[in-house]
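Take a look at the structure set out below.
The values are calculated or read from the model by the stated rules, or taken from the named source; none is laboratory data. For clarity, every value in this text was computed on a predicted model and none was experimentally measured. Neighbour counts run over all protein chains shown; Cβ positions are idealised from the backbone, glycine included.
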Amino acid sequence: MVNDDWLTVNRENWDDRVRVHAESSFYDLPGFRAGASPLRSFERAELGEVAGKRLLHLQCHMGQDTLSWGRLGAEVTGLDFSAKAVEQARALAADVGLADRARFVVSDVYEAPAALPGERFDIVYTGLGSLVWLPDLTRWAEVVAGLLAEGGALYLVEFHPATDMLGEDGRTVDHDYFDAEPWRQDHAYTYTDGPALEKTVSVQFLHPLGEVVSALAGAGLRVEFLHEHPFTIFQRYPVLEESEPGIFTFPPGHPRVPLMFSLRARR
């Protein structure tokens, strides 16, 4: 199944997640419609001015991050392999008055060049929790490089792969950092509040940080920075404390590991 059907299995799983996520307090679509933004302040600072630029968001899900960049003045395109997620994103764009500056396309990442023939973007953005759904980062990086205009930049924000090594105490090393075997999971619930899923099986792929950087360098992109962050956006381990709304860190005295990272690489 992993070798042949991972894409089908994951698409079914994410199609099913849309009905749960759209009603969840985690995604808070009513709050977004009222003007709230899911973008973190460091993302806006690291990426810089986006007004007037063409921005492509790969694996955009229901489009909130995409539309948040649109609210900051970018001409945005969101791409996702779930038709149900794209349907929700298009409706959300209409709700917040961005239908004229936001486009959403159904495609998996590897087929993005065919879905957007000949198009080039000033910014390719990929947000949290995306890379684990891709088995081949070399191919991913080549797709990204091919979608960037000359001088354009990838901006990537992700959960740090070191977090997958640790046990629930956030201290004990329980898992092999270099484990390259796909993770087949069967979970009745998604990471948000809400009812159980009907399509519960998914397949994920873990990637060490060096693999991410090497794939981008191999595709001809120049890494401008790689920042590792001691905070995350949810209570990944029970010991984490909410140091400010929506930001979780280890308590004083607890050994810290990086919980997220952000990277910018330019063509």
Inset, instruction - May I ask you to say which residue of Glu142, Glu111 is touching a residue at least 40 places away in the same chain (Cβ under 8 Å) and acidic (Asp, Glu)? - result: Glu142
Inset, instruction - Kindly establish whether Ala149 is surrounded by fewer than 18 Cβ atoms within 10 Å (Cβ to Cβ), in contact (Cβ under 8 Å) with a residue 24 or more places away in the chain and either farther than 27 Å from Trp6 by Cα or among the aromatic types (Phe, Trp, Tyr) (or both). - result: yes
Inset, instruction - Name the single residue, out of those in the stretch 193-231 being exposed (fewer than 14 other Cβ atoms within 10 Å of the Cβ) and out of contact with any strand residue (DSSP E or B) (no Cβ under 7 Å at 6 or more places or on another chain), that is modelled with the lowest pLDDT. - result: Asp193
Inset, instruction - For residues that are of a type in the set (A, V, I, L, M, F, W, C), in contact with a Gly (Cβ under 8 Å, 6 or more places away or on another chain) and closer than 15 Å to Leu206 by Cα, tally how many sit in the stretch 150-193. - result: 1
Inset, instruction - Take the residues in the stretch 154-177 that are free of Cβ contacts under 8 Å to residues at least 60 places away in the same chain and more than 21 Å from the chain's Cα centre (by Cα), then tell me which one is surrounded by the most Cβ atoms within 10 Å (Cβ to Cβ). - result: His175
Legend entry - Inter-residue pairs, beta-carbon under 6 Å, first in contact (Cβ under 8 Å) with a residue 24 or more places away in the chain and closer than 15 Å to Trp133 by Cα and in the stretch 181-206, second basic (Lys, Arg) and surrounded by 14 or more Cβ atoms within 10 Å (Cβ to Cβ), 6+ apart: Thr190/Arg17
Inset, instruction - Looking only at the stretch 77-85, decide whether some residue is part of a strand (DSSP E or B) and touching a Leu at 6+ places or on another chain (Cβ under 6 Å). - result: yes
Legend entry - Pairs with Cβ under 6 Å, 6+ apart, first in the stretch 52-70 and under 14 Å from Asp100 (Cα atoms) and surrounded by fewer than 24 Cβ atoms within 10 Å (Cβ to Cβ), second modelled with pLDDT of 95 or more and of a type in the set (D, E, K, R): Arg54/Glu75; Arg54/Asp122
Inset, instruction - Would you mind telling me which numbered condition in (1) buried (at least 23 other Cβ atoms within 10 Å of the Cβ); (2) of a type in the set (A, V, I, L, M, F, W, C); (3) touching a strand residue (DSSP E or B) at 6+ places or on another chain (Cβ under 8 Å); (4) part of a helix (DSSP H, G or I) Ala93 fails? - result: (1)
Inset, instruction - Quick one: Thr190 ticks every box in (1) out of contact with any Asp or Glu (no Cβ under 7 Å at 6 or more places or on another chain); (2) at pLDDT below 95; (3) over 19 Å from Gln59 (Cα atoms) except a single one, so which number is it? - result: (3)
